[in-house]
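What follows is a short report on a single structure.
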Amino acid sequence: MTNSNGDLDVAGIGKVAQAIPKEGWKKAIDTACDTFTDLISPITKTTSGLGGLIQAKFDAMIDVQKVFAADAVQRARLKTQHIDASRRIPPSARVLVSAIEEASVESDENLRDIWANL
């Protein structure tokens, strides 16, 4: 999909970004970045390679992708927080990175929830 400038607009993300006032958008981005960092920090602290890769991919995302990625990671955390820590199975690096990347371009809340399930 292309926008009015002829640029690629993955999943209509540009339209979402344009609909939000600049002040609200900055606050949403800052919150998303803080949320993502907080939720991923256990991984980044224990696995320098994987954690660094995830953080680098997040940092390279455009702002609206950061909001979507943080939302998916937060949804995943909420789904697993009731499971005893000793019974949790960490996701494979490949699945985790792919799920975050795919969720980051998904404007449909239900589909982001599906990515969070992974």
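The values are calculated or read from the model by the stated rules, or taken from the named source; none is laboratory data. Fair warning: this is a prediction, and the values are worked out from it, not measured in the lab. Here Cβ is always computed from backbone atoms with ideal geometry, including for glycine, and neighbour counts include all displayed protein chains.
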Test for Lys57: is it at pLDDT 65 or above and closer than 18 Å to Ala116 by Cα: yes
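Residue-wise test of (1) over 15 Å from Asp38 (Cα atoms); (2) among the polar types (S, T, N, Q); (3) within 10 Å of the chain's Cα centre (by Cα).
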site: Phe58; (1), (2), (3): no, no, yes
site: Asp63; (1), (2), (3): yes, no, no
site: Ala69; (1), (2), (3): no, no, yes
site: Ala72; (1), (2), (3): no, no, yes
site: Ala76; (1), (2), (3): no, no, no
site: Thr80; (1), (2), (3): yes, yes, no
site: Arg87; (1), (2), (3): yes, no, no
site: Ser98; (1), (2), (3): yes, yes, no
site: Glu101; (1), (2), (3): yes, no, yes
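Considering only the stretch 71-99, state which residues are in a helix (DSSP H, G or I) and more than 14 Å from Asp113 (Cβ to Cβ). Give the steps one after another, and end with the answer.
So in the stretch 71-99, the residues in a helix (DSSP H, G or I) come out as 71-80, 85-87, 93-99.
Matches in the stretch 71-99: Ala85, Ser86, Arg87, Ala93, Arg94, Val95, Leu96, Val97, Ser98.
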Could you list, in sequence order, all residues of the stretch 75-97 that are touching a residue at least 40 places away in the same chain (Cβ under 8 Å) and touching a Leu at 6+ places or on another chain (Cβ under 6 Å)? Ala93
Restricting attention to the stretch 37-93, which residues are among the charged types (D, E, K, R) and loosely packed, with under 12 Cβ neighbours inside 10 Å? Lys45, Asp59, Asp84, Arg87, Arg88
Which pairs have Cβ atoms under 9 Å, sit 6 or more apart or on different chains, and link a residue in the stretch 24-43 that is closer than 12 Å to Lys66 by Cα and assigned to a helix (DSSP H, G or I) to one that is modelled with pLDDT under 80 and hydroxyl-bearing (Ser, Thr, Tyr)? Thr37/Thr44
Just one of (1) at pLDDT below 85; (2) not in a loop (DSSP other than H, G, I, E, B) trips up Glu102, so point out which. (1)
Selection within the stretch 64-76 - touching a Phe, Trp or Tyr at 6+ places or on another chain (Cβ under 7 Å) and farther than 12 Å from Ile40 by Cα: Lys66
